[in-house]
Structure formats: C-alpha cells, structure tokens
Amino acid sequence: EPDAGAVRLGGIPAPEIRLDALRRGLAWVPQEPFLFSASVADNIALARPDATREQILAVAELAAVHDDIARLPQGYDTLVGERGVTLSGGQRQRVAIARALLAQAPVLLLDDALSAVDSGTETQILDHWRELRERHPERSLAIVSHRLSAVMEADEIVVLKQGRIVERGRHEDLIALGGWYAGQWRYQQLEASLDAA
C-alpha cells in the first residue's frame, strides 16, 4: 500500500487485484537472476513448460542470447550448472529475460537486468522489445537502471533519490532541465567515449 495516492494496473487499484492474477500479469527479471541446474532450454521454458522449441528459440533471439547458446557444447541442451555457473553474468541475465518474455505477461519489469551486458547488446535487446511492442501494444516494459542509455527512449523516466522522486519526464526534457539526470548523462557519455578510445 502506498503512503499516499494509488498504484493502479490497467486502471484497477492494485489492492483490488487478486494476488494470483497480479503474479500472472507481471514478469520480473532481477539483476542477479536465478537459474536452475538444468538445460538452457528448460531454464527458459520455466515460464511455460509446454513451450515448443521454436517458441524458446524465438524469445532467445529477442533477448539477444541465441547466438551465445548456439555456441555452447550442446546448444540449448547444455546444462547450466547450479545457479547457472557455466554462463557469464550477461548470459544469465539474457536467459532470464528470454524466460520472462516467454511468459507473455502484460508487464515486464527489468530490475537492473541489463547491467551485465555491453551497450551494443543492450541496444539490440531494447530494439527487439520495440518491435515486439509494435505487435503487442498492450504490453509494457518498466526498466530500473543506473545505466541511463537503457531508459533514454522511455515514455517517462522517474529519477529517485533516497526513495523520493526528484525528476520526472522524457529524456530530452530531463537533459534540458539540467539537474541530476543531465549531469549523470554527461558523465556516462564521457565514460563511454573514454572506454571506446
């Protein structure tokens, strides 16, 4: 329950939504996703155990992890080990994103779930999301991120400081405002240019 105001999903106050319906309506990918000691395909299909191999491959493409999986010793049948230890952090995040996409929930929440991928892969994933959203406009994506390039094309960016909203708006508006977001954006762009050099 919020201290003030209301949290609504689809216009319905959150406390009025049954918990099982709320869980079906939201797919969450944390920064450190949990993978099981099973095959890559089984870890992706956890969201929908009846998924076909084609559906699994399709979401792996959307999550920009298909090529990495194809290079594994047994491809999609490769066992990932306890907690996914045989995969890199970025690969674990992208397998978890594929799992969440397979769930086809109306809301996808990426909770710093792009932190271990490079900026090119991040762009590829977000481009795939935009394509998916064009086909399914009823689906929404919420991104929690310290890397501002992940949120720059969002419909709305909310900047929190110590749990309070300090800035809010589109990327261009926040840059023009010249506050924390604009300063952090300049810093991250400078850092990226130095890394590229």
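Please treat every number below as a calculation from the coordinates, not as lab data. Every value quoted in this text rests on a predicted model; they were computed, and no experiment measured them. Glycine also receives a Cβ, built like all others from the backbone with ideal geometry; neighbour counts cover every protein chain displayed.
Just a few scattered comments:
- Extension reserve of the ARG23-HIS146 stretch, reckoned as 0.36 nm per residue once the Cα distance is removed: 41.7 nm
- In this simple spin-label approximation, GLN184 and ASP77 carry label points 7 Å from Cα along the Cα→Cβ vector, and these lie 4.6 nm apart.
- Simple spin-label estimate for LEU160 and PHE34 in nanometres, 7 Å along Cα-Cβ: 2.2 nm
- Length gained on full extension, LEU9 to ALA70, computed as 0.36 nm times the residue gap minus the Cα-Cα distance: 18.2 nm.
- Under Stokes-Einstein, with the Kirkwood radius over Cα pairs as Rh, the value for the chain at 4 °C and 1.567 mPa s is 71 µm²/s.
- Relative packing of peptides 159-168, 25-34, 49-58, 104-113 - highest average C-beta neighbours within 10 Å first: 104-113, 25-34, 49-58, 159-168
- Pairs of alpha carbons in the stretch 38-117 whose separation is greater than 19 Å (percent): 27 percent
- Phi angles of the stretch 38-47 translate, via the Karplus equation with coefficients 6.51, -1.76, 1.60 and θ = phi - 60°, into HN-Hα couplings of 8, 6, 4, 4, 5, 5, 5, 6, 4, 5 Hz per residue; Gly and Pro are given as x.
- Cα centroid of the stretch 15-44 to Cα centroid of the stretch 107-133, whole Å: 17 Å
- Listed peptides 115-125, 88-98, 177-187 by packing density, highest first (mean Cβ within 10 Å): 88-98, 115-125, 177-187
- Couplings for the stretch 95-102, taken from phi via the Karplus curve 6.51 cos²θ - 1.76 cosθ + 1.60 with θ = phi - 60°, read 5, 5, 5, 4, 4, 5, 5, 5 Hz in order; Gly and Pro are left as x.
- Antiparallel DSSP beta bridges within the chain, as percent of all bridges there, nearest 5: 45 percent
- Fraction of alpha-carbon pairs over 16 Å apart in the stretch 155-197 - percent: 42 percent
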